[in-house]
1. Looking at the stretch 1-52, which of its residues are aliphatic (A, V, I, L, M), assigned to a loop (DSSP other than H, G, I, E, B) and more than 22 Å from Y214 (Cα to Cα)?
2. Would you check if there is a residue in the stretch 276-288 being surrounded by fewer than 24 Cβ atoms within 10 Å (Cβ to Cβ), on the phi < 0 side of the Ramachandran plot and of a type in the set (V, I, T)?
3. With the condition being among the polar types (S, T, N, Q) and at pLDDT 90 or above, I'd like the helices (runs of 4 or more DSSP H) fully within the stretch 173-272 carrying at least 2 qualifying residues.
4. Evaluate the following for S317: is it touching a residue at least 12 places away in the same chain (Cβ under 8 Å), assigned to a loop (DSSP other than H, G, I, E, B) and surrounded by fewer than 22 Cβ atoms within 10 Å (Cβ to Cβ)?
5. Looking only at residues in the stretch 381-395 that are among the small types (G, A, S) and touching a residue at least 24 places away in the same chain (Cβ under 8 Å), which one is surrounded by the fewest Cβ atoms within 10 Å (Cβ to Cβ)?
6. Taking G323 as the residue in question, decide whether it is modelled with pLDDT under 95 and either among the aliphatic types (A, V, I, L, M) or over 15 Å from D161 (Cβ atoms) (or both).
7. Quick check on my filter: what residues within the stretch 396-419 are within 18 Å of the chain's Cα centre (by Cα), surrounded by fewer than 24 Cβ atoms within 10 Å (Cβ to Cβ) and at pLDDT below 95?
8. What single numbered condition from (1) at pLDDT below 90; (2) part of a helix (DSSP H, G or I); (3) within 24 Å of the chain's Cα centre (by Cα) fails to hold for Q157?
Amino acid sequence: MPTISGLPYYEVHFNADGTLNASVGNGHGELRAAVSAGDIDELFVFAHGWNNGVESARDLYAAMFTLLAGQLGGDFSGSAVVGVFWPSLLFPDDDPATATPHPSTGAQIVTALAPAFPDQQQDLATIGALLDEKPQDPDRLSEFQSLAANLVTTAPQGDEDTGEAAMLDGDTATVIGQGVAMAPKGDGDAQGIGNPFTGLWSGAREVLRTMSYYEMKNRAGVVGKDGLGPQIAALTPAPRVHLIGHSFGARLVAYALAGMPENLTGSASPVKSVTLIQGAFSHFAFAAPMPIDGDRRGALAGFANRVDGPLLATFTSADRAVGWWYPTASMLARQDNEAVDDLVYRWGAMGRDGFQQNPAAVVTPLAAAGHVYDFDPGGFYAVDANAVIKANQSAFSGAHSDIRHPEVMWAVAAAAGRT
């Protein structure tokens, strides 16, 4: 049995539609058998967000579960940890470990995207070639936009989380122009110095980034609702489960609640805590009603009762991915009379300011190990991580992935009632 710092470690692998990937450890990695044998009564389940492969996710889990082991004080009896794997992706320019000062080539980008889009390899090849060739032809830009939009095949689960969809069928000039506005300004290509098509193709790159990440966000909801939720509900005898997710993985574990049977509420629910680390999905997801519209509810409104414990969401202004890119990618969805500040709030993400709803979430600072939190069952907590999650790891994402801190896992342990 593999372990991480003494904690038994299991992996659960999902396909994009939420079915188990049976080619890897039968999908559930023998977790069911171990729970059925009575060896496990508590599970810490972590879902990665964007990543560039299985090994990258395993590296994250090794780091975070090692930190957790240190917070549990050596009391591992009956406890185990689970890494969730799902077909996500990471633009090479956005990986803090490998990003270079210069933008990746089209060929490098599509190589990174290919594993997440196994049925669209020819389209990806064309996308990569267009990015590298940068043809001075408006029709080729239109072709590129169409190919990038075709990467989005998973339906969204809530209209509060669909701002990027305006890029799917907008006119090419407007969509590519928005991409130009989103491109890094220090890049000569983005500015189109000497050749406007150079700038337009830099904008096209941003459209591709937006469409591929939009598909990942939608996919995370499907894997959570149709995959992880039912798998948790099927474990017997039911262990205490603590859900943890980063980035799009936060959306995955949140939507797992929607995939559990209606009778698993309150004390009957196996889920005893939820921790969303820099969540890359709408901060209105649990709102009923939404603060921006009293007639609308978030897609997960009402599902908090499937957590017999607290719900936490970290946030920091240093996270550029959710604080700037996330709402900017939704700019085309704005109304004519909608101010920029309103737009940022309308399409804001969990990792920017935590749960936004009424009654308001309790705001509490992310504190050092040893701090005594006062988390109540069923309570929503916006955890201010500005003092901890702050390292600028890449031009695109800022501190989005700066999460490998003991303070983060101390909050997880506290939410689990293990401190």
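The values are calculated or read from the model by the stated rules, or taken from the named source; none is laboratory data. Computed from a predicted structure; not experimentally measured. We place every Cβ from the backbone using ideal geometry, glycine too, and count neighbours over all the protein chains shown.
1. M1, A22, V24, A37, I40
2. The answer is no; no qualifying residue exists.
3. 196-222
4. yes
5. Once the filter is applied, the top-ranked residue is A391.
6. yes
7. Selection gives F396 alone.
8. Q157 satisfies all of (1) at pLDDT below 90; (2) part of a helix (DSSP H, G or I); (3) within 24 Å of the chain's Cα centre (by Cα) except (2).
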